[in-house]
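The values are calculated or read from the model by the stated rules, or taken from the named source; none is laboratory data. Quick caveat: nothing in here was measured; it's all calculated off a predicted structure. Methodologically, a virtual Cβ is constructed for each residue, glycine included, from the backbone with ideal geometry; neighbour enumeration extends over all protein chains shown. What goes into the accessible areas is simple: the full protein's heavy atoms, side chains included, and nothing from ligands, DNA or RNA. Shrake-Rupley method; radii C 1.70, N 1.55, O 1.52, S 1.80 Å.
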Amino acid sequence: QVQLVESGGGLVQPGGSLRLSCAASGTIFSIYRMGWYRQAPGLQRELVARITSGGMTNYADSVKGRFTISRDNAKNTVYLQMNSLKPEDTAVYYCNVFYRPNYSSNLRDYWGQGTQVTVSS
């Protein structure tokens, strides 16, 4: 099984910045993709950004130009730099990983427990 440790959430004023990190550990042979999703009160969970081990990225339209996802493959860690934060960014942010526990295993996914991001003055 894999473990995900999420950090970096908190309270920030509009226009401010936060940097989220998610470190994966456990029975991992390789990670194919890691990403961040978020869920605001009353809304469905949505993709924020994700990145493959090869560096291919996807962003939600609402965060393009403001958020940057990156990864450190050696540390099995993904980062989300969030700039120019807006109140609409307030949500619980969840880390997600697609990985292989073993060389011969199929891809599996795992979710973190979530970290709260609140943008308010």
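Here's the yes/no breakdown for (1) charged (D, E, K, R); (2) part of a strand (DSSP E or B); (3) crowded, with 17+ Cβ neighbours inside 10 Å:
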{"site": "ALA24", "(1), (2), (3)": "no, yes, yes"}
{"site": "ILE31", "(1), (2), (3)": "no, yes, yes"}
{"site": "MET34", "(1), (2), (3)": "no, yes, yes"}
{"site": "TYR37", "(1), (2), (3)": "no, yes, yes"}
{"site": "LEU43", "(1), (2), (3)": "no, no, no"}
{"site": "ALA49", "(1), (2), (3)": "no, yes, yes"}
{"site": "GLY55", "(1), (2), (3)": "no, no, no"}
{"site": "ASN58", "(1), (2), (3)": "no, yes, no"}
{"site": "SER62", "(1), (2), (3)": "no, no, no"}
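Tell me whether the stretch 11-21 contains one or more residues that are part of a loop (DSSP other than H, G, I, E, B), touching a Ser or Thr at 6+ places or on another chain (Cβ under 6 Å), within 14 Å of ASP89 (Cα to Cα) and open to solvent by less than 50 Å² (accessible area, probe 1.4 Å).
No, there is no match, as no residue in the stretch 11-21 is part of a loop (DSSP other than H, G, I, E, B), touching a Ser or Thr at 6+ places or on another chain (Cβ under 6 Å), within 14 Å of ASP89 (Cα to Cα) and open to solvent by less than 50 Å² (accessible area, probe 1.4 Å).
Scan the stretch 1-32 for residues that are among the charged types (D, E, K, R) and under 14 Å from ASN76 (Cα atoms) and jot them down. Give the steps one after another, and end with the answer.
The initial filter retains those residues of the stretch 1-32 that are among the charged types (D, E, K, R), namely 6, 19.
Hit for the stretch 1-32 is GLU6, nothing else.
Hey, does the stretch 95-113 have a residue that's of a type outside the set (D, E, K, R), under 18 Å from GLU6 (Cα atoms), in a loop (DSSP other than H, G, I, E, B) and in contact (Cβ under 8 Å) with a residue 60 or more places away in the chain?
If we filter the stretch 95-113 for residues that are of a type outside the set (D, E, K, R), which is where we start, we get 95-99, 101-107, 110-113.
Retained after the next criterion (residues that are under 18 Å from GLU6 (Cα atoms)): 95-99, 110-113.
Among the residues that remain, those that are also in a loop (DSSP other than H, G, I, E, B) are: 112-113.
Among the residues that remain, those that are also in contact (Cβ under 8 Å) with a residue 60 or more places away in the chain are: 112-113.
Checked against the condition, which is being of a type outside the set (D, E, K, R), under 18 Å from GLU6 (Cα atoms), in a loop (DSSP other than H, G, I, E, B) and in contact (Cβ under 8 Å) with a residue 60 or more places away in the chain, the stretch 95-113 yields at least one hit.
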